[in-house]
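Taking it in order: structure first as structure tokens, then the write-up.
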Amino acid sequence: MKNTWFVTGTDTGVGKTAFSILWTRFLVAAAGPVIAVKPICSGGRDDAEALLAAQRNSLQIGDINPWHFPDPISPVLAAQRVGRRIRLAEVVEFLAPLREGTGDLVIEGAGGLLSPLGEDFDNRDLLTALGARAVVICPNRLGAINQARLVWESLPPSVRSSSALILNGFPSEDASTPTNREGLTHYLPGENIFFLPCQEDALRSPLPPVLADLHQWTKRREERPSK
Ligand SMILES: [Mg+2]
């Protein structure tokens with residue numbers, strides 16, 4: 001079964017791109033053709049360039065990142081500064097043929113879950129319109145329980161059961177790092193929480209075993225999608 005994965009986060013700069021690269025690499029190796037896109041970005045196209053390098057197909061940068069704006073501010077405002085307006089319907093229309101391909105689609109959002117993307121939508125609106133699985137990236141350090149709960153509870157209830165929370169390792173661990181997963185299991189299902197060790201170079205580092213765990217969990221969810 002094909003999946004559309006929407007990678008979002010508790011904030012910007014929390015590791016969405018690194019996870020998207022690793023997940024794309026894993027899916028390419030495990031399941032075959034995969035397309036990874038960053039439809040909208042502002043302040044540079046580094047994320048999209050990195051995603052392009054992680055996939056094995058003939059797509060070009062414009063195919064995976066059609067909306068890009070120079071100012072490093074909210075995309076909706078960066079677009080307005082250059083006289084552009086982005087609307088939800090056109091982004092959904094852009095993604096539609098990519099979802100009809102033979103493999104999974106990995107979409108990296110911009111900013112965090114409630115960061116505005118365009119005139120009439122934010123990341124949550126887009127993933128909901130797509131019926132995508134959400135992958136929420138949260139830094140595994142002090143504050144993770146609050147940040148993860150805020151975002152998890154902001155997901156539409158219908159999206160939560162098929163979504164994953166990634167506790168992302170950073171070089172600067174703290175005393176909370178080994179405890180956050182347990183702390184969060186009081187508030188969301190432990191089976192939806194995955195711990196990703198710190199990755200120095202997502203494009204080249206060995207694929208961490210947790211990705212296979214996430215893949216297996218997804219398959220099990222597909223066997224009981226209504227729960
Ligand atoms: Mg990124």
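What the table below lists for this structure:
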quantity	calculated
Considering residues of the stretch 1-34 that are surrounded by 22 or more Cβ atoms within 10 Å (Cβ to Cβ) and assigned to a strand (DSSP E or B) only, the residue farthest from the ligand (Cβ to nearest atom)	34
Filtered residue count, the stretch 163-180, keeping only those that are more than 16 Å from residue 12 (Cα to Cα) and surrounded by fewer than 18 Cβ atoms within 10 Å (Cβ to Cβ)	8
Matching option when the condition is outside any loop (DSSP other than H, G, I, E, B) and at negative phi, among 162, 176, 172, 158	158
Residue that is nearest to residue 141 (Cα to Cα), among those in the stretch 13-49 that are within 12 Å of the chain's Cα centre (by Cα) and of a type in the set (S, T, N, Q)	17
Pair list, Cβ under 6 Å, 6 or more apart: the stretch 22-41 residue under 15 Å from residue 212 (Cβ atoms), other residue among the β-branched types (Val, Ile, Thr) and away from the ligand (no atom under 13 Å from the Cβ)	24/34; 27/34; 28/34
Out of 179, 128, sole residue that is polar (S, T, N, Q) and farther than 30 Å from residue 69 by Cα	179
Residue list for the stretch 137-159, filter: surrounded by fewer than 16 Cβ atoms within 10 Å (Cβ to Cβ) and in contact (Cβ under 8 Å) with a residue 60 or more places away in the chain	150
Helices (runs of 4 or more DSSP H) (entirely within the stretch 74-136) containing at least 2 residues that are free of Cβ contacts under 8 Å to residues at least 40 places away in the same chain, more than 16 Å from the ligand (Cβ to nearest atom) and over 25 Å from residue 18 (Cβ atoms)	75-81, 88-99
In the stretch 35-62, residue farthest from the ligand (Cβ to nearest atom) [restricted to those that are within 18 Å of residue 126 (Cβ to Cβ) and not in a strand (DSSP E or B)]	39
Residue check, residue 96 closer than 25 Å to residue 54 by Cα, of a type in the set (A, V, I, L, M, F, W, C) and surrounded by fewer than 18 Cβ atoms within 10 Å (Cβ to Cβ)	yes
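One line per residue, one yes/no per condition, for (1) under 19 Å from the mean Cα position of the chain (by Cα); (2) surrounded by fewer than 17 Cβ atoms within 10 Å (Cβ to Cβ):
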| site | (1), (2) |
| --- | --- |
| 74 | yes, no |
| 79 | no, no |
| 89 | no, yes |
| 109 | yes, no |
| 116 | yes, no |
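None of the figures in this text is laboratory data; all of them are computed from the coordinates on show. Since we're looking at a predicted model, the values are computed, not measured. With ideal geometry, Cβ positions are generated from the backbone for all residues, glycine too; neighbour counts draw on all protein chains shown.
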